[in-house]
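Input: a single structure, listed below in structure tokens.
Please treat every number below as a calculation from the coordinates, not as lab data. Computed from a predicted model, the values in this text were never measured in an experiment. Heads up, the Cβs are rebuilt from the backbone with ideal geometry, glycines too, and the neighbour counts pull from every protein chain shown.
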Amino acid sequence: MRVVSLLPSATEIVASLGGMEHLVGVTHACDHPAVVDSRVRVTRTAIDDRAASGVIDAQVREITERGAPLYTLHDDRIRALHPDLILTQALCEVCAVMEDDVRALAARLDPVPRVITLSATSLDGVLDDIRTVGTAIDLSDEAEEFLAGARARMEAVHATLKAARAPRPRVAVIEWGDPLYAAGHWVPEMVRRAGGIDVLAKPGAHSVIVDLEAVRAADPEVIVIAPCGFDLARAVAEGERLLAQPEWAWAADRRVFAVDANAFASRPGPRLVDGIEVFARLFNPSLFTPVDPVHAQALRGQLP
């Protein structure tokens, strides 16, 4: 089985099931696990994804308005890899290659590879996608074992919170800083499973632009800065930039944390379970072991 993954979460799913031997091609953005560096990169982006959030947003809008692609497939590289299976997505036009472009490319290959589209908008959907990938690469048993472990870990968090009758803090998760976005899709469910109440978004709904005054009016006790596509260092920088603005002065007495969004929030893959555990440690620190400082950093208040 020769697999090309066209999104980082799919790459992580394959890896979590022990299927790295099948993975021959990955995207320009795939960075976990480290062994992906030895795989062929089969996409490129027109976006300067190391730029400031406002610059990235402007680039996306400009490129989209003139009808140009945000991402491009290296057709020749994919053809040379002779994939049996291509993993793609249909959830976000800004996050990865368009599904239609992938299927058009696949149709031109000989033999034509199977294309599987992952498009989960909920945590259960992500778990279903893991099972789907496991079946496709003949690792169904490994997928079921992973899913059983994931559910056990989430249940352990729930049991700890329930036994302690833990208070549920009001939580706002910021997915982008300029413009301001509230994190949607699976993130509100992660917040709930971690013992919080998401005050900005609804489970399964798309991430949406929010007015800062609406964030303030929602009165969050905990604010999580987790910009989509940012690692911890960039999340910290973005959080510090936001909090330095006078209009954020109201948040001076709130607990504010930056989180490695790439690892724990923005990718619909196996590490969302780790993200629930990270969130739980931030929301009710007395009930759990301390947060690893490479996973999250306190910007206001103290890191548990």
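Computed quantities for the displayed model
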| item | result |
| --- | --- |
| Residue of 274, 129, 141 that the Gaussian network model of the chain assigns the largest fluctuation, springs spanning Cα pairs under 10 Å | 141 |
| Förster radius 35 Å - calculated FRET efficiency between residue 289 and residue 49 (Cβ-Cβ, nearest 0.05) | 0.60 |
| Alpha-carbon centroid distance for the pair the stretch 62-110 / the stretch 235-304, whole angstrom | 33 |
| J(HN,Hα) series, the stretch 28-33, from Karplus relation 6.51 cos²θ - 1.76 cosθ + 1.60, nearest Hz, glycine and proline x | 5, 9, 5, 9, 8, x |
| Sparsely packed trypsin sites (Lys or Arg not before Pro) within the stretch 36-102, loop by DSSP, other Cβ within 10 Å at most 16 | 50, 66 |
| Extension gain from residue 213 to residue 79, taking 0.36 nm per residue of separation minus the Cα-Cα distance | 43.2 nm |
| Theoretical gain in end-to-end length, residue 145 to residue 197 [0.36 nm per residue, Cα-Cα removed] | 15.7 nm |
| Cα-centre dipole for the chain with unit charges at Cβ (Lys and Arg positive, Asp and Glu negative), debye to 20 | 520 |
| Formal net charge of residues neighbouring residue 260 (Cβ-Cβ distance under 14 Å; K, R +1; D, E -1) | -4 |
| Stretchable slack from residue 62 to residue 152, in nm (0.36 nm times residue separation minus alpha-carbon distance) | 27.9 nm |
| Within the stretch 3-119: Cβ-based charge dipole about Cα centre, in debye rounded to nearest 20 (Lys, Arg +1; Asp, Glu -1) | 200 |
| Cα centroid separation - the stretch 5-19 against the stretch 141-183, whole Å | 21 |
| Residue 21 versus residue 245: modelled label distance in nm, points set 7 Å from Cα along the beta carbon direction | 5.1 |
